[in-house]
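What follows is a short report on a single structure.
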């Protein structure tokens, strides 16, 4: 008999097909009254598949009393109730490493764009403005100072790419990371004051909420750029909009927002910000590798083996 798996939120079509072939998969998102459905059927599920943007909160886990495995599509875990998972000894798998390069690639593309005004220049030409004016002078990135907030796997991949642009690199972390010669700056405000470009690549959650605060943005200053490929909650969006409107920072490039897919109207009105629809891992190659890990973690669990990429 196939193991019963609950699907919380949409996933890649190919992954949904593969899951349905191997398991008795039930898409919770199709239920008109999910809570009522779970009250009647929640105890029948052995596993749960979800994604980083959707997660699994305490209410969902409580409705699944026999749950033993969560396999999540993504690296973010701020929407997963890990405390309850640990308490109930529910195994949790996620999809790290395979998306590092694509996220780092996009972070660098965003950095180049906001500094050189690539998207803005494209709009300038399309509007016909080039017929009457010259595009404003921009900022180079080669040889500049790059501050990395969080030197984890993605932060390290960003740093490697910065080497090709002869950038000076420093970072802040909970503690210095062994094996790297980059300068560790214990103060986030100190790193922001030093950097020309501040790239955020930390995990989301309560511990990092509004880590990029009004004070940090003030330290970044009028010539500094913020690039965020982590989670929207890491940045105080109200403070960021004020900084962009007031030109107290040079600009920002954002792939993530606090209340996705909703973006503050004031932010969209700013001409010194690049906004993207959370696409850092959005390549066919990376998404396929992430899907493979979702399946591999489920297969490992139901075969009595260690998860391939365990979070809990």
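Of note:
- Selection within segment 278-291: residues that are touching a residue at least 40 places away in the same chain (Cβ under 8 Å) and not in a loop (DSSP other than H, G, I, E, B). The member of this set that is surrounded by the most Cβ atoms within 10 Å (Cβ to Cβ) is 290.
- When the criteria are applied in full, residue 304 meets the requirement of being within 29 Å of residue 86 (Cβ to Cβ) and either in the same structural domain as residue 138 (by TED's automatic domain parsing) or in a loop (DSSP other than H, G, I, E, B) (or both).
Residue by residue, here is whether (1) farther than 26 Å from residue 272 by Cα; (2) in contact with a strand residue (DSSP E or B) (Cβ under 7 Å, 6 or more places away or on another chain) holds:
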residue	(1), (2)
88	yes, no
91	yes, yes
106	no, no
110	no, yes
132	no, no
148	no, yes
153	yes, no
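- Residues that are farther than 13 Å from residue 6 by Cα and touching a helix residue (DSSP H, G or I) at 6+ places or on another chain (Cβ under 7 Å), drawn from segment 50-73: 58, 73
- Conditions (1) in the same structural domain as residue 194 (by TED's automatic domain parsing); (2) under 18 Å from residue 76 (Cα atoms); (3) in contact with a helix residue (DSSP H, G or I) (Cβ under 7 Å, 6 or more places away or on another chain): number failed by residue 217: (2)
The values are calculated or read from the model by the stated rules, or taken from the named source; none is laboratory data. Source: prediction; values computed, not measured. Here Cβ is always computed from backbone atoms with ideal geometry, including for glycine, and neighbour counts include all displayed protein chains.
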